[in-house]
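The values are calculated or read from the model by the stated rules, or taken from the named source; none is laboratory data. Remember, it's a predicted structure, so these values are computed and weren't measured experimentally. Using ideal geometry, Cβ is built from the backbone for each residue, glycine included, and neighbour counts are taken over all protein chains shown. These accessible areas exclude ligands, DNA and RNA; they are computed on the full protein's heavy atoms, side chains included. Shrake-Rupley method; radii C 1.70, N 1.55, O 1.52, S 1.80 Å.
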Amino acid sequence: DQSQISNLIKSKPILITNPHGIHARPAAAISSVARKYDSEILIKKDEKAVNAKSIISLLSLAVNQNDSVYVYAVNEEIIKSLSYILIHLYDSSGEDQYQISPKHVDGNKYYGIAASFGIACGVLKKKGKLNFIIEENKNDILTEKKRFYEALNKVKKEIEYSLANLTENDQIYSGILEAHIQMLCDPALIDESLSIINNNKSAAFAIKQVITDNCNILAKTESTVLIERQDDFMDLLNRILIAMNTKQIQTVNHDLPTILLDNWLTPNDLVMIDKNVVGLISVAGGATSHAAIIARAKGIPLLVGVNPSILDIPDNIQVVLNSKAGYVNLAPEPHEIDEVNIYLDSLRYKHQIDSQNAKAKAYTKDGHQINCYINIANPEDSRDIMLNGVEGIGLFRTEFIFLNRKVPPTVEEQYKIYADIVSNAGNIPVIIRTLDAGGEKQIDYLKIAHEQNPVLGIRGVRFSLQRKDLLIDQLTAVAMVNKPNIKVMLPMISCIEEYREVKHIFEAIKKQNGVTVDIELGIMAEVPSVVLMSDIFAREVDFFSIGTNDLSQYILAIDRENLKLAAQIDYFHPSIIRGIDMVVKGAKQMSRPVSICGLMASDKLAIPLLIGLGIDQLSMSIDSIAENKAFIRNLNYEDCLDAAQKSLNLSTTFEIRQFLINKFIHAVG
């Protein structure tokens, strides 16, 4: 509508440099920012202008890399804000690692795209289908609208719960779930569905019609990535229809190791996958699909883009899937099956032995002890931890307490959660990190203002000191637990004044609540200022925990969500190694303990280096505990010291990695 555009201010042309243009996650980021403004905002490509608040509309533009778009809005502030997002679009799917293979068949081997590497052996089975019976016509428009909104809200809460309960290893697809939430709130999806319902159609019929129509639009684009985004919409459709109670389910239980085959695998298929599914094959989709990202996160081999004739193959035949080589063998020779099974058995046997020995302390061969802690995101993660050889909770992310609700949690609610975790933990340390909101961690009802550089803005302790009511409630709940093994950790500390202010508040709270134990107060070391002043901080703080994910981002001055630069973020970078060394040396001057709670703590190649640098606590996902404790027992402390000193003198990331591989190849395997 030309008259609509004529009333708005037009931006300069914006070149889209993101390799995959505007697909689901970038569209979600754009719409999320646009929805913060009450006024109309349009994005235009060529002759087509669409609502910037609608993911569906944005995808319909089929914006590819090197296309130019324009922003239309009522003022320059909005133009600037949306332009910034468009210029800095990122994509973290990691698709460059996965090479396309032609869709061909060679004898019994079906070739495709290696979307998630691995080897598996099992029986081939087609995925069970959800069969929906949908009534088209309904006369009660108000009832159908109510059903429509209730279904959207139910699915939204389910996804928010999944998002809040992601494990350390699952964080890679948090962006996918956030994009799905944005899709559910899409104004185009809602308006078009309500329009159909107003014509005396059922809510189920309406949502199916809208999503099917939009999938057809995506299918007609020439963008592989946009075509692959159909799986997200079909996934949401299934979930919404289930929420409307319009389903009949054909369930398939997999009692044997199974290679699951389907025409199209959706993200929810993989999130809810049966534990006996050891491999996946999809005719449609690609290496950049969200289902592929989740498969990689779960470590399940996935082959996509396979010739559709594979769907005619009968179920229950024994196959070998070698996704790294890009094929599935439908008639493997007996010796091939034996070789795969021997390899897999050796992995399972090692895991079994490691699990049996999980409770044993992690001493190196020459007697140096390392404590292995876990990171958790909810009380359920602390259940039965004593059976898994966990020696402490090194990081409890309290953000989840604040999600899936309209107001902040009360002191009483928080107290019950903290007390439950401490009870589960027995006498081992429990480190509770105060709310780390802001930046990329947005909580809607807290109304944190949009920032041009959110990772450098109001986040972590900076936000807590602006909202002292939330900080006081959280510290009060911790104080009420009144146990000697509970500790408090502050995120995003950058100056000693911040620590002193929180400590002053905490001391008053402890006095007011009659606390009889010494509750330690420590900090995250994740910004350069703390690295450079670690000796100063060590005079006052009780402990340090190095967050290597953020530390790498801030030392290298690279947004870890930036696709073009993210590959350059590597915690083996010499500056990161020197930063860790500096923190440890500063902390040890006052005998302060230092732990690592980032992904680096689980990396076998990094563990010997960290031990040699003086780290004595590693905080990781619970799934890594048994394996990594066994790994530590196979190391020599003197070798670790030597590795650390030599690594500190190397000048490139590549040199450090290669040195560690050569030195510890016998242990890493």
Failed condition for N263, given (1) closer than 30 Å to R348 by Cα; (2) modelled with pLDDT of 70 or more:
(1)
In the range 397-408, which residue that is part of a loop (DSSP other than H, G, I, E, B) and in contact (Cβ under 8 Å) with a residue 40 or more places away in the chain is surrounded by the fewest Cβ atoms within 10 Å (Cβ to Cβ)?
R405
Within the range 1-102, considering only strands (runs of 3 or more DSSP E) that don't extend past its boundaries, which have at least 1 residues that are modelled with pLDDT under 90?
48-51
Scan A525, A477 and give me the residue that is within 29 Å of the chain's Cα centre (by Cα), farther than 30 Å from R578 by Cβ and open to solvent by less than 10 Å² (accessible area, probe 1.4 Å).
A477
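Among the listed residues K126, K138, K156, identify the single one that is at pLDDT below 90, basic (K, R) and in contact with a Lys or Arg (Cβ under 9 Å, 6 or more places away or on another chain). First the steps, then the outcome.
Details: K126 fails: in contact with a Lys or Arg (Cβ under 9 Å, 6 or more places away or on another chain); K156 fails: in contact with a Lys or Arg (Cβ under 9 Å, 6 or more places away or on another chain).
Exactly one of K126, K138, K156 is at pLDDT below 90, basic (K, R) and in contact with a Lys or Arg (Cβ under 9 Å, 6 or more places away or on another chain), namely K138.
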By residue number, the members of the range 343-367 that are within 18 Å of S323 (Cα to Cα) and over 29 Å from the mean Cα position of the chain (by Cα) are Y343
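Check I428, I421, I432 and return the single one that is without any contact (Cβ under 8 Å) to a residue 60 or more places away in the chain and assigned to a strand (DSSP E or B). Steps first, please.
Numbers: I428 fails: assigned to a strand (DSSP E or B); I421 fails: assigned to a strand (DSSP E or B).
From the options I428, I421, I432, the qualifying one is I432.
Residue by residue through the range 19-50, note down the ones that are under 22 Å from L177 (Cα atoms), among the polar types (S, T, N, Q) and surrounded by fewer than 24 Cβ atoms within 10 Å (Cβ to Cβ).
So in the range 19-50, the residues under 22 Å from L177 (Cα atoms) come out as 19-36.
Those still in the list that are among the polar types (S, T, N, Q) too: 31-32.
Matches in the range 19-50: S32 only.
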Taking only pairs six or more apart or across chains, which ones have beta-carbon atoms under 6 Å, a first residue in the range 366-392 that is free of Cβ contacts under 8 Å to residues at least 60 places away in the same chain, and a second residue that is of a type in the set (D, E, K, R)?
P379/D420
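Let me confirm something: among L471, L456, L446, which residue is at pLDDT 90 or above and not β-branched (V, I, T)? Talk me through it step by step, then tell me what you get.
Working: L456 fails: at pLDDT 90 or above; L446 fails: at pLDDT 90 or above.
When all the criteria are applied, what remains is L471.
Looking at the range 311-320, which of its residues are buried (at least 22 other Cβ atoms within 10 Å of the Cβ) and under 10 Å from Y110 (Cβ atoms)? Show your work before the answer.
We begin by selecting, within the range 311-320, every residue buried (at least 22 other Cβ atoms within 10 Å of the Cβ); these are 319-320.
Passing the criteria: only V319.
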Given the conditions (1) modelled with pLDDT under 75; (2) open to solvent by 70 Å² or more (accessible area, probe 1.4 Å); (3) closer than 28 Å to K154 by Cα; (4) of a type outside the set (D, E), report the number of the one that K275 does not fulfil.
(1)
Check I622, I665 and return the single one that is of a type in the set (A, V, I, L, M), within 30 Å of F396 (Cβ to Cβ) and modelled with pLDDT under 95.
I622
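M489 - would you say it is open to solvent by less than 10 Å² (accessible area, probe 1.4 Å), within 26 Å of A419 (Cβ to Cβ), at pLDDT 95 or above and under 34 Å from the mean Cα position of the chain (by Cα)?
yes
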